[in-house]
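Reading through the structure tokens given below for one structure.
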Protein chains: 2
Amino acid sequence: MDKKIVTAFMKQGARIETRARVPLKEKKDFSLWYTPGVGAASTHLAKHPKDARNMSVKKNSVAVISDGSAVLGLGNIGPYGALPVMEGKALIFKSRADIDAWPIVLSTQDPDEIVRTVQAIAPAFGGINLEDIAAPQCFDIEKRLVESLDIPVMHDDQHGTAIVVLAGLMNAARVVKKDLKRLKIVISGAGAAGTAVAKLLLTAGAKDIILLDRKGAIFKGRDGLSAHKAELAELTNPRGEAGGLEEAMRGADAFIGVSGGGLLHADHIARMAPRAIVFALANPDPEILPEAAKKAGAAVVATGRSDFPNQINNALVFPGIFRGALDKGVKKITDPMKLRAAKALAALVARPTKERIIPDILHPRIVKTVAEAM
Amino acid sequence: MDKKIVTAFMKQGARIETRARVPLKEKKDFSLWYTPGVGAASTHLAKHPKDARNMSVKKNSVAVISDGSAVLGLGNIGPYGALPVMEGKALIFKSRADIDAWPIVLSTQDPDEIVRTVQAIAPAFGGINLEDIAAPQCFDIEKRLVESLDIPVMHDDQHGTAIVVLAGLMNAARVVKKDLKRLKIVISGAGAAGTAVAKLLLTAGAKDIILLDRKGAIFKGRDGLSAHKAELAELTNPRGEAGGLEEAMRGADAFIGVSGGGLLHADHIARMAPRAIVFALANPDPEILPEAAKKAGAAVVATGRSDFPNQINNALVFPGIFRGALDKGVKKITDPMKLRAAKALAALVARPTKERIIPDILHPRIVKTVAEAM
């Protein structure tokens, strides 16, 4: 199967290209759109740099940038490993939201170098989509870029994931007739996605969240917590529960897996509260297959895959987020925007069911709906 | 006039965009070209990074990069000032050579930062076109990038200009029935373009070149020569002539202006040898207008403008150079390639005349001809 896909990519070459939006057929076209015409445009932009948003690619462009340090579930596979994903996102940006995105993969994984590089190339772009950058560096890199640039910067593994998970969880809670604010939520994975999911769920009113990393539950005072996990320990796990996944799952209303394939077993699910929600989002191998999760008693199951119902995928979010940000001249993507986007996305499913808590990726109104929420 | 152009750019927005080369209409499209398909492509490229040239945008992409330090004849007008030119070049790359170029303008003008930034973003690109970077930094920046990257890097202000000037001069020499190797050539401007023109003309066999900067002729031992001008003094001005433009023009066979508008007068041209060649290439205002140059006795006159005959413009060169480099997997653009490109371009004009020493920008075989010479 993999060989067949690689062959298809080889045969295809690039999945995106550029396209001229003006003709260059006659001398007068060259005079206007190249020389001497560009001289007037350049002179104008030197004096009025803000007009770049109206008279250049900056109007509609997003750089999709990765250092290849945490690509999908494949880990640190470097810039060339990251390139197919970034190019795929650029393809989705165009196909779904008519955004001109260009993939950029970096030959450095040094946080300072990444920040400097993105700052250096920012002027021609209308937005920056960071992608597949490992935690915890991703938090500081994103923060410094958000603070220093005057265009929207979003690490999609964090916030795209958080928004789509919140949207799905809102509808899943409706299906099982529980209040999101009272759910006991277990999040497996405390990297970029798990951290952002936890924070956005807290912002949405959730109060009882336990995050697990490879050493088990994160709680205040656990030995050797990094700065970012110490912060998570402050924000989550109100009862200070220690222990592993087995302990955390006791009485849990929702499980959100953004960690690794296959780590969830039937007996974990059997320990959960009645009408349990299971989001097994690891890609391509979910924490548990939907069939097995249901058999073990889960009421609502979602994965990141397109071949099962309830696909919780960032692609439902990032095109609309940047479409809205570009259209509205948004400079920072804020928590209220993320909450509104999640609510709007959830509301696209008028009557959620166990098999449909989130709109299908092909739903025609997704991008517009998310964009308008910005 | 300028206002009208700015309005046209405002109305137009971007002049280039991206375009999907694969469909994303059905679930199976997402599965192949996004997730989980990209996982297989990423895994493959992590192991075989060289295949990025065959299965990603790297196959056909060029970054057009400027720091805005020497934009056209406008000077140091920064990244936003540079953006219309870079986007215009990306437009020409696509329209003329079907190359997917993306404009990148830098918020830094520090040479080390520029080198580091270009190195950092290089992996997803098949080539780097540096543009409008001031001398003398441009020489060192280009050299370090050529040496450190495994994709072709070319500062077009230098080499694109040098190739098209050499092509034009070859045919102009034919028209006036002189041997290029015996011409006395005066080059006004010792920046990026003037330096590269001088060096390529020397490589092509010219022996008698005098370069002038704002202080006059560059000669060995002139007070306060910078390193790069000291090198030029070694290579050129065999008789060690001092003095200004007036002195240098005495008996000159060819004048090549890559400096500033209007600096050439009728009496300068009157001092030249019979059947003089005048390339007044400053943009948008040439060193002298063709009418005036001819009246003063010049036999062949060229400018950089499209509204006069004999337009000597880089756009005749850079699309074909990169088309050839991408198609042939060229990693460094060498002097023999530049010479071959100039000869091939000149040969496109079967019977050069005073009014036609260089092919028209709309000539259909230019790109292919230059590409094949690579």
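General observations
- Scanning segment A:311-332 for residues that are open to solvent by less than 10 Å² (accessible area, probe 1.4 Å), of a type outside the set (A, V, I, L, M, F, W, C) and away from every other protein chain (no Cβ under 12 Å) turns up A:Gly320, A:Gly324.
- Residue match in segment A:73-92 (condition: at pLDDT below 95, under 26 Å from B:Gly126 (Cβ atoms) and within 7 Å of chain B (Cβ to nearest Cβ)): yes
- Sole exception among (1) open to solvent by 10 Å² or more (accessible area, probe 1.4 Å); (2) touching a residue at least 24 places away in the same chain (Cβ under 8 Å); (3) over 20 Å from B:Pro238 (Cα atoms) for B:Asp156, by number: (1)
- Just so you know, in segment A:197-207 the residues that are without any contact (Cβ under 8 Å) to a residue 40 or more places away in the chain and assigned to a helix (DSSP H, G or I) include one that is surrounded by the fewest Cβ atoms within 10 Å (Cβ to Cβ), and it is A:Leu202.
- Residue among B:Arg305, B:Arg250, B:Arg356 that is at pLDDT below 95 and either within 25 Å of B:Val64 (Cβ to Cβ) or open to solvent by 60 Å² or more (accessible area, probe 1.4 Å) (or both): B:Arg305
- Residues of segment B:43-65 that are surrounded by 24 or more Cβ atoms within 10 Å (Cβ to Cβ) and free of Cβ contacts under 8 Å to residues at least 60 places away in the same chain: B:Leu45, B:Met55.
- Some residue of segment B:114-126 being buried (at least 23 other Cβ atoms within 10 Å of the Cβ) and outside any helix (DSSP H, G or I): yes
- Helices (runs of 4 or more DSSP H) wholly inside segment B:18-64 that include at least 2 residues being of a type in the set (D, E, K, R): B:27-33
- Complete set of residues in segment A:117-139 that are over 19 Å from A:Lys332 (Cα atoms) and more than 7 Å from chain B (Cβ to nearest Cβ): A:Asp132, A:Ile133, A:Ala134, A:Ala135, A:Pro136, A:Gln137
- Residue in segment A:307-320 that is assigned to a strand (DSSP E or B), within 30 Å of A:Pro152 (Cβ to Cβ) and without any contact (Cβ under 8 Å) to a residue 60 or more places away in the chain present: yes
- Among the candidates A:Gly68, A:Gly81, A:Gly88, the residue that is assigned to a loop (DSSP other than H, G, I, E, B), open to solvent by less than 40 Å² (accessible area, probe 1.4 Å), touching a strand residue (DSSP E or B) at 6+ places or on another chain (Cβ under 9 Å) and not charged (D, E, K, R) is uniquely A:Gly68.
- Taken as a whole, the structure leaves B:Ser95 outside the set of residues that are of a type in the set (Ser, Thr, Tyr), surrounded by 21 or more Cβ atoms within 10 Å (Cβ to Cβ), under 22 Å from A:Leu83 (Cβ atoms) and at the interface with chain A (Cβ under 8 Å from one of its Cβ atoms).
- Tally, over segment B:260-287, of residues that are within 25 Å of the chain's Cα centre (by Cα) and farther than 19 Å from B:Ala190 by Cβ: 4
- Scanning segment A:159-187 for residues that are open to solvent by 10 Å² or more (accessible area, probe 1.4 Å) and either outside any helix (DSSP H, G or I) or among the polar types (S, T, N, Q) (or both) gives A:Thr161, A:Lys177, A:Lys178, A:Asp179, A:Lys184.
- Conditions (1) assigned to a loop (DSSP other than H, G, I, E, B); (2) away from chain A (no Cβ under 14 Å); (3) touching a residue at least 24 places away in the same chain (Cβ under 8 Å); number of the one not met by B:Ala302: (1)
Rundown of residues vs (1) closer than 21 Å to A:Asp132 by Cα; (2) free of Cβ contacts under 8 Å to residues at least 60 places away in the same chain; (3) open to solvent by 50 Å² or more (accessible area, probe 1.4 Å), yes/no style:
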site: B:Thr18; (1), (2), (3): no, yes, no
site: B:Lys28; (1), (2), (3): no, yes, yes
site: B:Thr35; (1), (2), (3): yes, yes, no
site: B:Ala41; (1), (2), (3): yes, yes, no
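- Considering segment B:283-306, the residues that are touching a Pro at 6+ places or on another chain (Cβ under 6 Å) and not hydroxyl-bearing (Ser, Thr, Tyr) include one that is nearest to B:His159 (Cα to Cα), namely B:Pro284.
The values are calculated or read from the model by the stated rules, or taken from the named source; none is laboratory data. As the structure is a prediction and not an experimental result, all values here were calculated from the model. Cβ sites come from the backbone with ideal geometry, for glycine too, and all protein chains shown count toward neighbours. Surface accessibility is based on the protein's heavy atoms, side chains included, excluding ligands, DNA and RNA. Shrake-Rupley method; radii C 1.70, N 1.55, O 1.52, S 1.80 Å.
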